[in-house]
Amino acid sequence: MDLLEYQAKDLFQKVGIPILPSQRIDHPKDLKQLRIPYPIVLKSQVYAGGRGKAGGVRFAENTIDAVAAAQAIFYLPILGQYPEVLLAEAKYEPDQELYLAVVLDPSLRRPLLLGSREGGMALEATSRQIQQVLVDGEFSPFYARRLAIHMGLSGELIESVSAIVEKMYRLFLTYDLDLVEINPLAVNPAGEVMALDGKVAVNDAALERHPDLLAMQSGDSRRDHAANRPSHSTLAMGPTCSGLAASAFDLPNLNPMLFPGSLGILCNGAGLTMATLDLVDRAGGQPSACLNLGGESSYRLPPDTLCDRLEKGLDWILQTQRLRSVLLNLLGGAETCNAVAGAIARYLKQQRQPVSVPLVVRLGGAHAAAARQQLAALDLPMLFVLDSLDEALTKAIALSEGAGVGR
Ligand code: GDP
Ligand code: MN
């Protein structure tokens, strides 16, 4: 769950990250009871970034200006989203704008501190200069200082910036966050720092542990929850029930989709899964069951490795009803492709009874060709390894419609 800027700033205040006096604006007329002195800045509260460039951040010197600016911002979509509320904030005159973030690195499974001396709206242009410090042990202020020094800061800024990073880290731990970002952290001519913008992403699996964050979500009443769910496939058919639940196959956190057809689908990653379902549908195929095995770094999905989940996924899909063929559409890097090819080969060889349903494998990604060759060279009777997704789709669909397995 992402928080809006004003909600992120509420959290900042709790841990002592300096923010400017601000006020939530639900309607332009609220500006008539403004408690902050002019000049102010008015900011669109949407989840998308790039508000500054899109015109969603405006300055105002008096009430008349402010009401006009607020009206304009309420009617300005940013990446298709209209703000439900604005934030009015005291204006700050920065000398310098820094970028700071604490993120969870999903593949290393450790927090990562990020920082750049060139923050603010210039960040995208300079993103290669973002410094990284991996927190690979018990956190200590040393990590924050190291980031500040790598960023090229000097003098008192080293202390004041690392103090902010420490507070961001405390927030990150306390609230089980996936991300806490300040862009920009403004520095004024006196060397004082101020968080002008804030982004916080909460780990959905940990939300239950944080009633105060849950309250923010429900307080944000007009938020469109449906819009935050994974997008739906354009597949016209509705899921129906058949086969055993995936939970019976040690895949407690995977959510299979069941359909009335005869083609099983296994993919790694939500986007690839939905795209594959759509392609099968467009090519006239009839899916029976579809399972997203999760990406390479989906470490929150036990079993731990993609190859383990692939084996369990095959166990599961092969017992679903009406199945006549299985399409495995898998994408990965060099290591993954080799490992996945190995896992499929091992799986087929280990079965006490030969698998009776043909498996059509499409392995894509860098260096996939070698892995495909390795798999094809095994010449297993029920295994079809195809170079292109189109070929794999055609083959899998034909087999699911009862075409013979002859080559
Ligand atoms: P974003 O574009 O969605 O990241 O929105 P930000 O809140 O970061 O605002 C964009 C830019 O507006 C910032 O990089 C700052 O340069 C500027 N800005 C935002 N708030 C203030 C403020 O209080 N005072 C001043 N002078 N500039 C601000
Ligand atoms: Mn920003």
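At 4 °C and 1.567 mPa s, grab the translational diffusion coefficient of the range 67-116 from Stokes-Einstein with a Kirkwood Rh over Cα pairs, rounded to a whole number in µm² per second. Numbers along the way, then the final one.
Numbers: Rh = 14.7 Å.
Diffusion coefficient, whole number: 88 µm²/s.
Extending 7 Å from Cα along the Cβ direction at VAL355 and again at ALA403 yields two label points whose distance is 1.8 nm.
Charge tally around ALA101: other residues with Cβ under 9 Å, Lys/Arg +1 each, Asp/Glu -1 each, net 0.
For the chain, complete DSSP H runs whose alpha carbons reach 20 Å or more along their own long axis and whose mean Kyte-Doolittle score is 0.0 or higher are 156-174, 334-350. Here the chain exposes an accessible surface that is 52 percent carbon and sulfur, computed with a 1.4 Å probe and the other protein chains kept in place. Taking Cα centre as origin and charging only the Cβ of basic (Lys, Arg, +1) and acidic (Asp, Glu, -1) residues, the dipole magnitude of the chain rounds to 800 debye. Taking only alpha carbon atoms, the range 96-208 gives an Rg to Rh ratio of 0.95, where Rh is the Kirkwood radius. Principal semi-axes of the equivalent ellipsoid, √(5λ) from the alpha carbon gyration tensor of the range 239-400, are 20, 18, 16 Å from largest down. Normalising the Debye intensity of the range 21-90 to I(0), with uniform scatterers on Cα atoms only, and taking log10 at q = 0.11, 0.16, 0.24 Å⁻¹ returns -0.21, -0.44, -0.99. Ellipsoid fit via the Cα gyration tensor, the chain: semi-axes of 50, 25, 18 Å, each the root of five times an eigenvalue, largest first.
Other residues lying with their Cβ under 14 Å from the Cβ of LEU266 contribute a combined charge of 0, Lys and Arg counting +1, Asp and Glu -1. Cross-link partners of LYS9 among lysines, defined as those whose alpha carbon lies under 25 angstrom from its own and excluding same-chain residues fewer than eight positions apart: LYS29, LYS32, LYS43, LYS53, LYS91, LYS167, LYS199.
The values are calculated or read from the model by the stated rules, or taken from the named source; none is laboratory data. On a predicted model such as this, the values are computed, not experimentally measured, just so you know. When we count neighbours, we look across all protein chains shown, and the Cβ atoms used for this are built from the backbone with ideal geometry, even at glycine. Surface accessibility is based on the protein's heavy atoms, side chains included, excluding ligands, DNA and RNA. Shrake-Rupley method; radii C 1.70, N 1.55, O 1.52, S 1.80 Å.
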